[in-house]
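Novice: Starting off with a structure, shown below.
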Amino acid sequence: MPTAPPPQFPAGFRWGVSTSAYQIEGAVAEDGRGTSIWDTFAHSPGRVADGSTGDVACDHYHRHREDVALLAGLGVTAYRFSVAWPRIQPAGTGPANPAGLDFYDRLVDDLLAAGVDPVATLYHWDLPQPLEDAGGWLARDTAERFAAYADLVAARLGDRVKLWITLNEPFVHMSLGYGTGEHAPGRTLLFDAFPVAHHQLLGHGLAVAALRARTAGPVAIANNYSPVRVLGDTDADRAAGAAYEALHNRLFTDPLLGRGYPDGTLADPSVVRDGDLATIAAPIDVLGVNYYNPTGVRAPAEGSPLPFELAPVEGYPRTAFDWPVAPDGLRELLGWLRGTYGDALPPVEITESGCAYDDRPGPDGRVHDPERIAYLDGHLRAVRAALDDGVDVRGYFVWSLLDNWEWAEGFTKRFGLVHVDYATQARTPKSSYAWLRDTIAATRGEPAR
Ligand code: PNW
């Protein structure tokens, strides 16, 4: 257990937790919600580790008041949730479904009443199935549809949301959803999935314009980043590291910050049309950074279809996901962003950071998760170090408030500060919840060091 006093953060530093719609809401057939690609995928045999689906998940749709009370008790200043596109437009196009907007309207009001700033992500991977049937993110039209949906949400919530996030982790959506097929929609196109990158970024740029027209912002995107550790010291190893860095860290950032696509990625003029890069580079107010771990990269074996090979980074404790616990990687990543993009880098918020452990209530009915406390303590200290390095970090959101439905891992991975018993939906704060509450209280509102 950490014993050193918590680091201090600048006044106004945003303390938050994150969730996403399909992972917590359930109520998939209520109030006119349409089907998403994740409903289809989860209901297809063999796709999810435990055969589970998000049909009920944490039943947050019916229990959101209780969950807002948990946020208030934690003392966070912000809550990052996602809006389910199929609740707003069941078929992905057309007028808004009022009952869908009503749910998020109530959630936003309840958050504000509890003193918690609503941070809304417009897209956390739950594409309306009819849009996938029309080509999904391989189709340019989906970008236009996304902006029209953003407009509908902004028209209703634009007066109260304190930070807008267009897309969550377009890299993971492209690579696991359309590249390797581990996520919905389950397509296996490898590098032929690149148009999915461009159409998501184009959708982001068009949505930024829609949000600017309707709201005072601020506007962000949440990218997943992983510092690259080159394993091996040959030129081929270094070239593999650079190739992976272009794909994971630069493909979704260079064009946002006005540099166009990295060499060797998107050059096809039938995909990238005149004017697109200017749309994508519309200024954003905040760059959301989701960080979990560094990636080990080395030269591929001969005949590999990929220009790199991924390998475990050794020398760290590991989570239940077998991900290394590497807070130094967060400091390294923030330094890399600042060093690579310089003054073009907007202020940063850590929009996800967290870990899965095999948490179960003990004989006392409580969940003791000292590993998660150590994880959060280490990563907060890494953010403090990055601030001292001169990176403008404005907030830190823990993934996640609740144990929830972890995509292809189903219910087998628990990321929450609050334990959920899925049989009863009982919520039990873990010891990390109490630790974070006390840490926020001890650091909140202090003057900058
Ligand atoms: C993120 N990977 O997903 C998501 O934004 C969350 O919805 C998710 O629950 C959380 O991280 C924990 O996994 C990721 O394979 C999924 O590298 C997979 C990967 C990374 C992030």
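The values are calculated or read from the model by the stated rules, or taken from the named source; none is laboratory data. Note that the structure is a prediction, hence the values are computed from the model and not measured. With ideal geometry, Cβ positions are generated from the backbone for all residues, glycine too; neighbour counts draw on all protein chains shown. Surface accessibility is based on the protein's heavy atoms, side chains included, excluding ligands, DNA and RNA. Shrake-Rupley method; radii C 1.70, N 1.55, O 1.52, S 1.80 Å.
Novice: Report, largest value first, the span of the C-alpha coordinates of the range 232-334 along each principal axis, in whole Å.
Specialist: 46, 38, 23 Å, listed from the longest principal axis down.
Novice: Just want to confirm a number: the relative contact order over the chain, from Cα pairs under 8 angstrom separated by 6+ residues, in percent. Walk me through the numbers before you get to the answer.
Specialist: Working: 952 pairs, mean separation 88.6, N = 449.
Across the chain, relative contact order equals 20 percent.
Novice: Additional query: Express in nm, to one decimal, how much length is gained between A278 and D389 on full extension, taking 0.36 nm for each residue of separation and deducting their alpha carbon distance.
Specialist: On the way: separation 111, 0.36 × 111 = 39.96 nm, distance 3.11 nm.
Computed gain between A278 and D389 is 36.8 nm.
Novice: Take the alpha-carbon positions of the range 365-449, form their convex hull, and give its projected area averaged over all directions (one quarter of the hull surface) in nm². Display every interim value, and only then the final one.
Specialist: On the way: hull surface 27.7 nm².
Taking a quarter of the hull surface, the average projection is 6.9 nm².
Novice: Only Cα pairs within less than 10 Å get springs; with that Gaussian network setup on the chain, which residue of P255, P227, P317 has the largest fluctuation?
Specialist: Comparing P255, P227, P317 in a Gaussian network model of the chain, the most mobile one is P317.
Novice: At 0.36 nm per residue, and after removing the present C-alpha to C-alpha distance, how many nm does the segment from D159 to S44 gain when stretched out fully? Could the numbers behind the result be given before it?
Specialist: Details: separation 115, 0.36 × 115 = 41.40 nm, distance 3.95 nm.
My answer for the length gained is 37.4 nm.
Novice: Evaluate the relative contact order of the range 330-385 (contact order divided by residue number), counting alpha-carbon pairs under 8 angstrom at least 6 apart; express in whole percent. Show your work: numbers first, answer last.
Specialist: Values: 25 pairs, mean separation 22.1, N = 56.
Taking the mean separation of contacting Cα pairs over the length of the range 330-385, I get 39 percent.
Novice: So, one more: HN-Hα J couplings of the range 49-58 from phi, Karplus 6.51/-1.76/1.60, θ = phi - 60°, integer Hz, Gly and Pro as x?
Specialist: 3J(HN,Hα) across the range 49-58, in whole Hz: 3, 9, x, 7, 9, x, 3, 10, 6, 9.
Novice: I'd like the antiparallel share, as a percent to the nearest 5, of DSSP beta bridges with both residues in the chain. If you can, show how the numbers build up before the last one.
Specialist: Numbers: 10 of 48 bridges.
Bridges in the chain are about 20 percent antiparallel.
Novice: Computed FRET efficiency, Cβ-Cβ of E144 and L306, R0 25 Å: what is it to the nearest 0.05? Please report the intermediate quantities before stating the final value.
Specialist: Values: r = 32 Å, r/R0 = 1.28.
Result of the calculation: an efficiency of 0.20.
Novice: Shifting gears a bit: So for the pair R259, D328, with labels modelled 7 Å out along Cα→Cβ, what separation do we get in nm?
Specialist: 2.5 nm
Novice: Normalised radius of gyration for the range 196-270, please: alpha carbon Rg relative to 2.2 N^0.38 Å, two decimal places. It would help to have the intermediate numbers written out before the result.
Specialist: Numbers: Rg = 15.5 Å, N = 75, 2.2 N^0.38 = 11.3 Å.
Ratio of Cα Rg to 2.2 N^0.38 Å: 1.37.
Novice: Starting with the highest mean, order 114-126, 30-42 by the number of other Cβ atoms within 10 Å, averaged over the residues of each peptide. Show your work: numbers first, answer last.
Specialist: Numbers: 114-126: 23.0, 30-42: 20.9.
Descending mean neighbour count gives 114-126, 30-42.
Novice: In angstroms, what radius of gyration and Dmax does the range 30-133 have, counting Cα atoms only?
Specialist: Values for the range 30-133 (Cα only, Rg and Dmax): 14.9, 43 Å.
Novice: Assuming a viscosity of 0.692 mPa s and a temperature of 37 °C, what translational diffusion coefficient in µm² per second does Stokes-Einstein assign to the range 286-329, Rh being the Kirkwood radius over Cα pairs? Don't jump to the answer; show the numbers that get you there.
Specialist: Working: Rh = 12.4 Å.
The diffusion coefficient I find is 265 µm²/s.
Novice: Tell me the per residue accessible area of the chain using a 1.4 Å probe; a whole number in Å² is fine. Kindly include the intermediate steps, with their values, before the conclusion.
Specialist: On the way: 16130 Å² over 449 residues.
Averaged over the residues of the chain, the accessible area is 36 Å².
Novice: So if we plug the beta-carbon distance of A344 and D268 into 1/(1 + (r/R0)^6) with R0 = 22 Å, what FRET efficiency do we get, rounded to 0.05?
Specialist: Details: r = 25 Å, r/R0 = 1.15.
The formula returns an efficiency of 0.30 here.
Novice: Same structure again: What ³J(HN,Hα) values, in whole Hz, does the Karplus curve 6.51 cos²θ - 1.76 cosθ + 1.60 give for the range 281-289 when θ = phi - 60°, with x put for Gly and Pro?
Specialist: Each residue's phi maps through the Karplus curve to give 8, 3, x, 10, 8, 9, 9, x, 10 Hz.
Novice: In the calculated pair distance distribution of the range 80-145, what percentage of Cα-Cα distances lie above 16 Å?
Specialist: 51 percent
Novice: How big is the C-alpha Rg of the chain next to the rule-of-thumb value 2.2 N^0.38 Å, as a ratio? It would help to have the intermediate numbers written out before the result.
Specialist: Numbers: Rg = 20.7 Å, N = 449, 2.2 N^0.38 = 22.4 Å.
Compactness ratio reported: 0.92.
Novice: Hey, any idea what % of the chain's accessible area is carbon plus sulfur with a 1.4 Å probe? Show your work: numbers first, answer last.
Specialist: Values: 8440 of 16130 Å².
Percent of accessible area from carbon and sulfur atoms in the chain: 52.
Novice: In the calculated pair distance distribution of the range 291-449, what percentage of Cα-Cα distances lie above 28 Å?
Specialist: Numbers: 3972 of 12561 pairs.
Result for the distance tail: 32 percent.
Novice: Another one. Tell me which residues come under 5 Å, amide H to amide H, from R229 once H is placed; ignore anything under 5 positions away on its chain.
Specialist: The list, which skips near neighbours in sequence, is T295, G296, V297.
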